Amino acid sequence: MPEKKRDELVQIDYTPPQRDWMDPAIDFAARKGTWSYPAAAKNLRYLGLPNPRDWSPTDADWQLPENWQQIIHDGLAERLTKFRSLKLFLDVCVRCGACADKCHFYLGSGDPKNMPVLRAELLRSVYRNDFTTAGKILGRVAGARPLTPAILKEWYYYFYQCTECRRCSVFCPYGIDTAEITMLARELLNLVGLNINWVIEPVANCDRTGNHLGIQPHTFKDNIEFLVDELEEVTGIRVDPSIDRKGAELLFVVPSADYFAEPGIYTFMGYLLLLHSLGVDYTLSAYASEGGNFGLFTSNEMMKRLNYKIYHEARRLGVKWILGGECGHMWRVINQYMDTMNGPADFLEAPVSPITGTAFTNAASTKMVHICEFTADLIKHGKLKLDPSRNDHLRVTFHDSCNPARAMGILEEPRYILKSVVNNFFEMPENTIREQTFCCGGGAGLGNDENMEMRLRGGLPRANAVRFVHEKHGVNLLACICAIDRAVLSTLMEYWVPEVGVSGVHELVGNALVIEGEKSRTTDLRGKPLAGGKGDADA
Amino acid sequence: MNGLLNVLQEKRKALEERWAELVLASYPQQSVPFLRQERDRFANPLGSTIRNEIAALVEGLLAGADADVLATHLDAIIRVRAVQDFTPAEALRFVFQFKQAVAEIAGDDAAGVPAGEFLALHARLDELALQAFGIYVGCRERVFEIRAREATARTYSLLKQAGLLVDADEAGGPPACPPAEGRS
């Protein structure tokens with residue numbers, strides 16, 4: 001082969017053409033698997049949200065209201081006055097790039113518009129155009145762009161590609177909460193009827209029946225009884241949780257996935273065993289039957305509306321305080337927004353553990369205690385008899401769920417519990433846990449199956465760290481304290497690290513908990529045999 | 001070892017780097033510097049996976065490693081690219097870019113190498129490409145299996161808990177098989 005010809009042969013440039021980020025053109029039909037289906041008209045109608053219609057992002061015409069640009073402009077103007085934080089976040093960013101490479105979607109996709117700074121810039125550029133002098137005069141030179149249909153479509157694509165996990169905020173020197181930019185952008189999109197069904201349907205269901213799936217009180221009761229039966233089969237213990245019982249000391253609120261879907265149901269069994277073994281006076285509520293609050297992913301008004309139901313039920317049932325299960329974003333709503341939305345909950349009492357007498361002063365205003373705080377306190381005071389060897393078939397690592405970690409700072413309690421109930425615990429690398437934890441890729445309403453490829457991309461950084469501890473320590477279980485995590489991480493593991501399963505922390509507590517009168521345990525709560533024929537000498 | 005492999009072995013580092021560069025260039029230009037420069041494998045899983053697995057592939061190809069060894073490294077790269085914004089052709093183009101890297105890196109040093117040695121290497125690469133095709137299809141199938149499993153599991157649990165299903169166990173027959181591993 002003549003040398004010249006060989007050189008010519010290899011002169012092929014495969015580099016993708018560089019496009020100006022300011023001129024978007026999202027081809028939804030070509031990008032299946034990376035966006036979520038729009039909200040069904042019936043759900044928007046039920047909630048009284050604007051522009052209910054049947055449409056698809058692949059349609060050329062999105063059937064927007066005629067004056068949609070004005071609606072968005074006015075909506076942004078209103079929010080800039082109402083939320084000082086929004087104006088600050090839009091003005092103060094110097095585009096230093098500290099957040100750029102911190103988003104799991106960016107790390108998994110390489111798409112620059114998944115950089116938090118650029119995602120925010122999609123909104124900021126329109127803000128500059130409409131509201132700043134420099135933007136009005138200098139236009140594109142000042143990073144300003146008028147809102148066009150193509151830009152609106154780009155908003156829909158990228159603001160529903162942010163899980164509001166707030167990892168980027170940890171690294172921002174100005175403390176910009178990019179999740180709040182996404183939240184406000186979604187509020188604006190909602191004004192013209194651009195929302196996703198996986199958010200709006202749970203909101204509509206939650207508003208009507210009290211939980212995301214639309215489970216009615218009698219089915220709620222059936223579900224609980226089903227799990228009580230299953231639990232009795234494994235442990236020989238018949239627990240008796242009450243529902244809607246007035247005068248109970250505590251209202252116990254859990255994410256609905258904990259009582260209807262695997263693997264959450266095993267976590268729920270763990271809660272029930274724990275509370276039963278201590279004789280805690282608690283009740284579940286068939287209406288406050290959902291910890292999750294997809295209003296957080298819709299609008300501040302919707303978040304307030306759904307949050308209120310929990311406190312309304314607490315008041316109606318006359319409980320002293322509220323115990324909350326292993327839910328994720330519920331804790332962001334409770335810790336960062338509840339007090340100014342529906343608080344202070346001064347009709348409740350400041351939470352005190354009925355078993356140890358510990359006052360949970362951190363929850364003095366919200367009156368709501370995380371079950372990991374409750375259980376860690378029990379263990380610290382030696383109130384639980386635990387046999388961690390019952391979890392010896394498991395080699396466990398812990399995924400800090402974004403909201404409890406970054407919005408609540410609950411970092412030590414789950415670890416303290418895990419180290420007490422399992423013998424084999426291994427941490428993932430430092431820059432992937434605690435405040436720097438990587439999102440599961442399915443939060444903020446993105447955990448639907450049509451969005452699968454985006455979820456798998458977004459989950460790569462988390463799965464990558466799990467793979468590391470799997471290979472290094474033989475880890476076979478990823479524990480977490482969030483219902484969305486339990487669902488989304490299970491799928492994530494199936495694709496990236498199929499050798500690793502997913503559980504809640506209280507499932508492992510339930511396994512290890514030694515209870516008077518229980519039968520000799522031969523299996524864990526899932527019915528899997530214990531290590532080394534364990535069980536004969538128990539209890 | 002033949003002449004071509006000798007030349008490539010001597011320049012292995014450069015070959016690895018060039019091939020990885022070519023793969024990284026398939027990502028948007030604004031992202032390439034980050035993907036290339038950040039060396040922490042947890043801070044940059046995508047860039048690290050490509051760099052490390054490409055290096056392992058080069059080593060394997062030059063050393064005549066078994067197909068299953070090569071498959072492990074191919075899988076790591078393809079599993080990522082199979083869920084990214086690529087057409088199937090774009091996702092797998094990287095395999096063939098090895099030829100470009102070899103031509104560029106070997107350069108004049110390979111001028112005297114008999115054509116047969118190139119053919120042998122290319123035949124090996126063809127095998128790799130066929131393996132890659134299988135892995136890619138496997139990953140895509142996995143994505144859809146997972147989607148189907150999510151939908152089935154959700155419906156099945158609800159029906160069962162609502163008491164709308166009676167399995168063979170409860171009906172007094174032989175034990176029922178759960179719908180999938182670990183699910184019932």
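Restricting to Cα pairs below 8 Å that are 6+ residues apart, what does the relative contact order work out to for chain A? Please round to a whole percent. Show your work: numbers first, answer last.
Details: 997 pairs, mean separation 86.3, N = 539.
About 16 percent, as a whole number.
Electrostatic bookkeeping for A:Arg186 treats Lys and Arg as +1 and Asp and Glu as -1; over the other residues with beta carbon under 13 Å from its beta carbon, the sum is -2.
Ranked from largest to smallest solvent-accessible area, with a 1.4 Å probe on the protein heavy atoms, A:Arg186, A:Arg315, B:Arg124 come out as A:Arg315, B:Arg124, A:Arg186.
For A:Lys380, the lysines whose Cα falls under 20 Å of its own Cα, not counting residues fewer than eight places away in the same chain, are A:Lys419.
Each principal axis of the Cα cloud of the stretch B:3-158 was evaluated for its coordinate range; sorted largest first, these ranges are 69, 33, 23 Å. Quick one: with all protein chains in place, what share of the accessible area of the stretch B:1-94 is carbon or sulfur, to the nearest percent (1.4 Å probe)? Whole-percent figure for carbon plus sulfur exposure: 50. Ignoring aspartates and glutamates fewer than eight residues from A:Lys367 along the same chain, the ones with Cα atoms less than 20 angstrom from its Cα are A:Asp244, A:Glu249, A:Asp281, A:Glu290, A:Glu313, A:Glu326, A:Asp339, A:Asp346, A:Glu349, A:Asp377, A:Glu413. Averaging Cα coordinates gives a centre for the stretch B:61-123 and one for the stretch A:472-486; these two points are 36 Å apart.
Mind checking the dipole of the stretch A:214-284: about its Cα centre, +1 per Lys or Arg Cβ, -1 per Asp or Glu Cβ, Debye to the nearest 20? Numbers along the way, then the final one.
On the way: 4 positive and 12 negative charges, 51 e Å.
Approximately 240 debye in magnitude.
Each residue of the stretch A:428-436 was assigned a 3J(HN,Hα) from its phi angle through the Karplus curve 6.51 cos²θ - 1.76 cosθ + 1.60 (θ = phi - 60°); the sequence is 7, x, 3, 7, 10, 10, 6, 4, 8 Hz, with glycine and proline shown as x.
Among the residues of the stretch A:210-226, those with an accessible-area drop of 40 Å² or more from chain alone to full protein complex, heavy atoms and 1.4 Å probe, are A:Phe226. Taking 4.7 Å between beta carbons as the limit, the unpaired Cys residues of chain A are A:Cys93, A:Cys96, A:Cys103, A:Cys162, A:Cys172, A:Cys206, A:Cys327, A:Cys372, A:Cys440, A:Cys480, A:Cys482. Dipole magnitude for the stretch A:447-539: computed about the Cα centre from +1 point charges on Lys and Arg Cβ and -1 point charges on Asp and Glu Cβ, it is near 200 debye. Surface composition of chain A: carbon and sulfur atoms hold 51% of the protein heavy-atom accessible area at a 1.4 Å probe. At a threshold of 40 Å², the residues of the stretch A:440-464 that become less accessible to a 1.4 Å probe in the full protein assembly than in their chain on its own are A:Asp449, A:Met452, A:Glu453, A:Arg457, A:Leu460, A:Asn464. Within a straight-line Cα-Cα reach of under 16 Å, B:Lys13 can be paired with the following aspartates and glutamates, leaving aside sequence neighbours fewer than 8 residues apart in one chain: B:Glu21, B:Glu53, B:Glu59, B:Glu104, B:Asp109. All other residues whose Cβ lies under 11 angstrom from that of A:Glu373 are scored, Lys and Arg at +1 and Asp and Glu at -1, for a net of -2.
A 1.4 Å probe over all protein chains sorts A:Trp21, B:Trp19 by accessible area into A:Trp21, B:Trp19, starting with the largest. For the chain pair A and B, the buried solvent-accessible surface (1.4 Å probe, both sides summed) amounts to about 4600 Å². Net charge within 10 Å of A:Phe89 by Cβ-Cβ distance, Lys/Arg positive one each and Asp/Glu negative one each, not counting A:Phe89 itself? Result for the local shell: 0.
Helices from chain B with mean Kyte-Doolittle at least -0.5 and a Cα length along the axis of 27 Å or more, per DSSP H: which?
On the way: long enough: B:88-106 (29 Å, 0.53); B:115-161 (68 Å, 0.03).
Span-like helices, by this rule, are B:88-106, B:115-161.
The values are calculated or read from the model by the stated rules, or taken from the named source; none is laboratory data. Model, not experiment: these values are computed from the prediction. All Cβ positions, glycine included, derive from the backbone under ideal geometry; neighbour counts span all protein chains shown. The protein model used for the area step is the full one, side chains on, heavy atoms only, and it has no ligands, DNA or RNA in it. Shrake-Rupley method; radii C 1.70, N 1.55, O 1.52, S 1.80 Å.
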